[in-house]
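The values are calculated or read from the model by the stated rules, or taken from the named source; none is laboratory data. Computed from a prediction, not measured in an experiment: that's the story for all the values here. Glycine gets a Cβ as well: all are built from the backbone with ideal geometry, and neighbour counts include every protein chain shown. Surface areas here come from the heavy atoms of the whole protein model, side chains and all, with no ligands, DNA or RNA. Shrake-Rupley method; radii C 1.70, N 1.55, O 1.52, S 1.80 Å.
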There are 2 protein chains.
Amino acid sequence: MPDFTDRLRPSQPDGPTTLARERERSSVSVNELAQHLLSADGFLERQARVLPVLQREPLFSKEKQQNLSRPERFKLGLARAKLLRRLADKHAWSTVDYKMAEYLVDDVSPYLLQMEMFLTTIREQASEEQRAYWQPLIESWKIYGAYAQTELGHGSNVRGLELEARWDSRTKEFVLHSPTLTASKWWNGSLGRLANHAIVVAQLLLPEPGSPDKFVSHGPHPFIVQVRDMKTHQPLNGVVIGDIGPKYGYITMDNAYMLFENFRIPHSAMLSRYSSVNPDTGIYTKPEQPALVYGSLTYVRANIVHHARLVLARAVTVAVRYTAIRRQFKDRDGDKKGLEMAVLDYPTVQIRIMPLLATTFALHYTGLAMRAVYENTRNEVEQGNFRTLAHMHSMSSGLKSLCTMLAADGVETCRRALGGHGFGGGSGLIQLNNDYLSKPTVEGDNWMITQQVAAYLIKKMTAAAESSNTAAADETDARFKEFVRARSSANSRPAQYNVLENDQAIVKSFEHRATALAYDAYEQRILKKKNWNELLIQLHKLSRAQSQSILVSTFFEALSTDKNLSGSTKTVMWNLYRLFALYTMENEGFESRKVFRCNAVSQADLSCLPARVQDLMARIRPHAVNLVDSWKIPDYLLDSALGRYDGRVYEDLYNRAHRLNPLNKITFNPNYWEEEIVKGSGDNGSTILSKL
Amino acid sequence: MPDFTDRLRPSQPDGPTTLARERERSSVSVNELAQHLLSADGFLERQARVLPVLQREPLFSKEKQQNLSRPERFKLGLARAKLLRRLADKHAWSTVDYKMAEYLVDDVSPYLLQMEMFLTTIREQASEEQRAYWQPLIESWKIYGAYAQTELGHGSNVRGLELEARWDSRTKEFVLHSPTLTASKWWNGSLGRLANHAIVVAQLLLPEPGSPDKFVSHGPHPFIVQVRDMKTHQPLNGVVIGDIGPKYGYITMDNAYMLFENFRIPHSAMLSRYSSVNPDTGIYTKPEQPALVYGSLTYVRANIVHHARLVLARAVTVAVRYTAIRRQFKDRDGDKKGLEMAVLDYPTVQIRIMPLLATTFALHYTGLAMRAVYENTRNEVEQGNFRTLAHMHSMSSGLKSLCTMLAADGVETCRRALGGHGFGGGSGLIQLNNDYLSKPTVEGDNWMITQQVAAYLIKKMTAAAESSNTAAADETDARFKEFVRARSSANSRPAQYNVLENDQAIVKSFEHRATALAYDAYEQRILKKKNWNELLIQLHKLSRAQSQSILVSTFFEALSTDKNLSGSTKTVMWNLYRLFALYTMENEGFESRKVFRCNAVSQADLSCLPARVQDLMARIRPHAVNLVDSWKIPDYLLDSALGRYDGRVYEDLYNRAHRLNPLNKITFNPNYWEEEIVKGSGDNGSTILSKL
């Protein structure tokens, strides 16, 4: 309905004017940087190709979805997932094309598990015969599958799972049974309402040889199980399944609970590539190579690390563009007749956003490095070489923990830096925050998995300390041995690195710190035999220091070896590297007394960090808009009034409120002594009461 | 529908057993501590009285509300707000009773503004005559009101508001007019769908004496304006109003946008207790006492500070109870046949939850102190004494910033410490998080308002430096003067405080640090004449240090002067004080090099902090459950499967999923090549598409 507000414009200078000026004054070449970041694996080409297909489909419109209920939102999520699959067929999308489409649509797909954990597990854990049977059914989508491992009572400790798969030697079947409520499967995606099959992980119970009534657990094993009727889509007899209900995010995912009561499955259900049960004797065959840790979990962690950059880049894009446009207060010491200042020109806003802008690039290079290490290790392992497996596993655990924390906290820091409008629905950060906050917990809790890094480093340090004069086996070993030698040499003093003047010295100082903390941990655990749990906080800090060191060194390496970025863009990238590293150093004060001060960095340099950080932010500031533009995040994905490319912030906020908000179609009865809610409806509130 | 899962129980030891043991082994007296904390103003008695009234009403059931859409959720919020008002009439509730009921129902009431900002502004800013007219209308709820100040383009900078109130001397009316889109009112609670009147803040434009066509702004002024028709409830001609749409939280609040087109209001609309316009001459009368800052804003900030403890206590209650029950992994160095460890026994879990448990008490005592200072100052001001006004304003600004940050970040830290179930809907922390995350921004952005603290302290330090040998005007002045004298005395070295052995020395060290930072700021700004904006980060740190000092000293004072807590409970409370203070000290490393190390605390003591913190956590751990019990937060408010008093965590999670989740009533069609979403419905997705 037209009204006088249709004619109104925002006060000047408006968003488009401001962003045009910002883009003009920066010497950073957006396209050059975008190519540098995102062209290698065809990302940019793919995005440009897939996006218009999605934009043509009204079902993918994000404009009003925040108003829907959970059941409606799930229906929408399923409708979109179906459409996406049909589009994939129609356009003959590759898997990466399809994943690009899922990324842009930005709903967690209720079909997610089918081609991921379900298919992967069949591929990796099924025997040849099982694979030949199941894989075509999955790939043709004749069956829908999920992966049911986590239970109500156990997540991290997989060995503690309670669901039983007891071998019945009489009928040659396994009997799935949930002995307790806590044995209920829980969290299993795509299973709550959709899947009809699942990989079910259960304790394998076999009769003890000689005493057939006594059962012994051989630990958790995977079984493939049909759980719903293919016609009625109802759970089979002896199975209870459902969706666990609303969550913090993942509104379009049907995470499941599932219990079994003496539910019989055939011998062929047990995935038997690595271990098996002889159907005649009931005798168990162990896997030959128990350390198959490089499998899907590490793969998933490596992907999470690689993805973190795009999550944070989204939030930083919104924050930079909006705070460049938003003006508030005139300069207290400046011209009283001048414009109000852009919020991004306040150091208290910069200190929250600019280090995160730098972090997007740090995450990017580390994500690439993580992927490369994963691919190399995988190739080596397939050739029977397990040399780098432990390193890769440690690296993926530490980086998963640190990078998801940086991204998750970074999104919220950006949101708060947006002021009031950051609390509104136009930020584009609400669903991002809600969904991404799963990441610090899933695939290994961020605090728990740092133990895996520490255990690896203590082992490495133990080896280095035991033979510090032999040839180094790898980079870490070389660093550790050098440290041990220097430590035991009477007159050697560890170098102090000139972090303010030398970019490589920054890398060295971070490595030195991680090494010193690794030595501390080794000393406590191995030499002093301290209790592991007593050391956990220290071990967590060690993992964090090690992972920060990787972020800093891969950033440095990437810029040092790059040959394509032109002078001006390169200069800004080096400043971003310095900002990321020195800001991190400044904010790691909790251990600075122990390491930075005593050894790696001088007291004088440490005292200069706050001023240097502020100076670097001021140097980067003119390029902030071009830097976020280089991430090439389309408006369609951002779904943000505050962050849109053209800067029409206030027009969009107003449009969402005035034209798109369904609540404004309802007239309410404000009188408290009348029970009627919607004016003129006569409904005394019983409709809403019935939904409780 | 009954099924086999009805008979299942969680694995042992279950939640009730575990919590019973936890409660038994602690010597903290829950009732004694609860009385100490919450009996003074009748809080406990009131809670016990109001709660059963609410529990009898099905409309207040929280069980399924997470499944509702925004429009449904708003209808429910309104239905509840109406019922609450009717209950208030029926039970003759006082205002505090009514507020207790709102707190327990835990929906932001769409009636919130009526008795708060709407009535308060009339009381404080209206002339006697205006008050006599409007107050009865408001108190009898014949009109519904809101407070419309913030605009789309301006929040913090109130002077930058764009809405105009132009005096028409011909008709003796004001003309409200929104010249731009950014002049739209925005965020104004209770106005989007409900209020029919509003206090509207607009630039007062008056003709320049002598040139009647030239208008001059006299700054923002409040007007009372009818904005909706009393019969049809539609906006009046020339007014556009609506709800701004979904937000991060506050789902039951109709935050508004509102614009005016040459909308005429009578001369009597301008609230004229302090300033007025002569209707005959158009001449403006200024307020006599412009610094009326003690008014509603400071009141609201003081309330936010006071409330923070209950917000954090809710999250900590959930976190402590659940992590005491949740078991995961056996002790790596312990008995392999023993039980898995309670998650709360891991130091990496303790380091996240226990300092926050200590923080609840720190926030409590500071909240009481803030209230006392507010009351005293208000009394003094009403007697014409403005001596402590600036102190109170500074204190409320700094504490609002720090305390809301501690509570908001603390809720999320607790949520993540819950592991996977912290991401589920049974945590009880989702809506709490969503709603509370408004607090770091509203009523003065947490980063912006710290300038007010810094400005105050620089002023105080300037005065102290100028006459350091005269008698001290107040406590701060005494501390500052002492610092200045010590600084200029050639052979004096600032004391090093023995923070590990002496509880009062901790207070001194925090005060010393805040004082030293205040002196730094004074030096930079006053002596070196540095640009204000260049100093903002430093000024923020100063405010934070000052507020931390207040938290530490009020905690110390409260325990020192208390005469009621018995020996054992008191001992634990002292440990909580130490934990809060030393943990804060350890984590303030970012300035430790500058202050703690050089002056206030010895290097040796600082190095001991991590071990001391871990030791304190271990001492407090056995009392954790009793300590959170002492906050007496009813299950009804917690609405948390994880945090319920009886510990039936898994039973409740399962109940919510299996029996209360409406999604499980729907059977879906999983085939992607069929457009049908709900199985058997035949609907090809057009219903859900129509809602986009």
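Some points to look at:
- Whole-Hz couplings from phi, Karplus 6.51/-1.76/1.60, listed for region A:177-186; x for Gly and Pro: 8, 9, x, 9, 5, 5, 6, 4, 4, 7
- Panel note: contact residues of region B:185-223 (accessible area lowered by at least 20 Å² against the chain on its own; 1.4 Å probe) correspond to B:Trp186, B:Trp187, B:Arg193, B:Leu194.
- Segment A:Glu482-A:Arg25, length gained on full extension (0.36 nm per residue, minus Cα span): 159.8 nm
- Relative contact order of region B:272-424, pairs being alpha-carbon contacts under 8 Å that are 6 or more residues apart, as %: 32
- Qualifying trypsin sites (Lys or Arg not before Pro) in region B:158-220, DSSP loop, other Cβ atoms within 10 Å at most 14: B:Arg170, B:Lys172
- Sites A:Arg86 and A:Tyr133 - FRET efficiency at Förster radius 25 Å, r taken between beta-carbons, to 0.05: 0.40
- Averaged over B:73-82, number of beta-carbon atoms from partner chains that fall within 10 Å: 6
- Distances, shortest first, from the label point of A:Arg49 to those at the same position in the other copies read 7.2 nm; the point lies 7 Å along Cα to C-beta.
- Applied to region B:640-649, the Karplus parametrisation 6.51 cos²θ - 1.76 cosθ + 1.60 on θ = phi - 60° returns per-residue 3J(HN,Hα) values of 10, 5, 6, x, 5, 4, 7, x, 7, 4 Hz, with x for Gly and Pro.
- Fully extending the segment from A:Asp331 to A:Leu297, taken as 0.36 nm per residue of separation minus the present Cα-Cα distance, adds 7.0 nm.
- Normalising the average separation of contacting C-alpha pairs (under 8 angstrom, six or more residues apart) by the number of residues puts the relative contact order of chain A at 15 percent.
- Accessible surface, the protein assembly as shown, averaged per residue in Å² (probe 1.4 Å): 38
- Amide H contacts for A:Val28 (H built 1.01 Å from N in the peptide plane; partners 5 or more residues away or on another chain; cut-off under 5 Å): none found.
- Gyration tensor verdict on chain B (Cα atoms; rounded if a/c is under 1.5, prolate if a/b is larger than b/c, oblate otherwise): oblate
- Amide H contacts under 5 Å for A:Tyr147, placed H, 5+ residues apart: A:Gly189, A:Ile199
- Protein-protein interface of region B:409-424, residues with accessible area decrease of at least 30 Å², isolated chain reference, 1.4 Å probe: B:Arg415, B:Arg416, B:Gly420, B:His421, B:Phe423
- B:Glu534/B:Ser690 FRET efficiency (R0 56 Å; Cβ-Cβ; nearest 0.05): 0.55
- Region B:450-623 shape via C-alpha gyration tensor axes, a/c threshold 1.5: prolate
- Part-to-part distance (alpha-carbon centres) for region B:376-419 and region B:83-132, which is given in Å: 23
- Protein accessible area in chain B, 1.4 Å probe - carbon and sulfur %: 51
- B/A buried area, accessible surface, summed, 1.4 Å probe, Å²: 14000
- Assuming charge only on the beta carbon of Lys and Arg (+1) and of Asp and Glu (-1), the dipole of the protein assembly as shown about its Cα centre is about 1000 debye to the nearest 20.
- Note, ³J(HN,Hα) from phi for region B:113-129, Karplus 6.51, -1.76, 1.60, rounded to Hz, x at Gly and Pro: 6, 3, 8, 9, 4, 5, 5, 4, 5, 4, 4, 8, 10, 8, 6, 3, 5
- Too-long pairs where the Cα-Cα distance tops 30 Å, listed order kept, from A:Lys541/B:Lys541; A:Lys439/B:Lys99; A:Lys82/B:Lys64; A:Lys90/A:Lys400; A:Lys247/B:Lys570: A:Lys439/B:Lys99; A:Lys90/A:Lys400; A:Lys247/B:Lys570
- Annotation: extensible slack from A:Met230 through A:Lys172 equals 18.4 nm (criterion: 0.36 nm per residue apart, minus Cα-Cα distance).
- Solvent-accessible surface (1.4 angstrom probe) belonging to B:Glu466, in square angstrom, nearest 10: 140
- Restriction of the trypsin sites (Lys or Arg not before Pro) in region B:315-363 to DSSP coil positions whose beta-carbon has at most 13 other beta-carbons within 10 angstrom yields B:Arg332, B:Lys336, B:Lys337.
- Heavy-atom accessible area ranking, 1.4 Å probe, most first, across B:Met354, B:Met1: B:Met1, B:Met354
- For region B:247-388, the dipole from Cβ point charges (+1 on Lys and Arg, -1 on Asp and Glu) about the Cα centre works out to 620 debye, to the nearest 20.
- Among B:Ala516, B:Cys608, B:Ala478 - extreme Cα towards positive end, dipole of region B:450-623, charges at beta-carbon: B:Ala516
- Simple spin-label estimate for A:Val96 and A:Glu674 gives 6.3 nm between the two label positions (7 Å along the Cα-to-Cβ direction from each Cα).
- Under a model in which nothing but the beta-carbon of Lys, Arg (+1) and Asp, Glu (-1) is charged, chain A shows a dipole of about 820 debye around its Cα centre.
- Long-range amide H partners of A:Phe174 with built H, under 5 Å: A:Asp168, A:Ile265, A:His267
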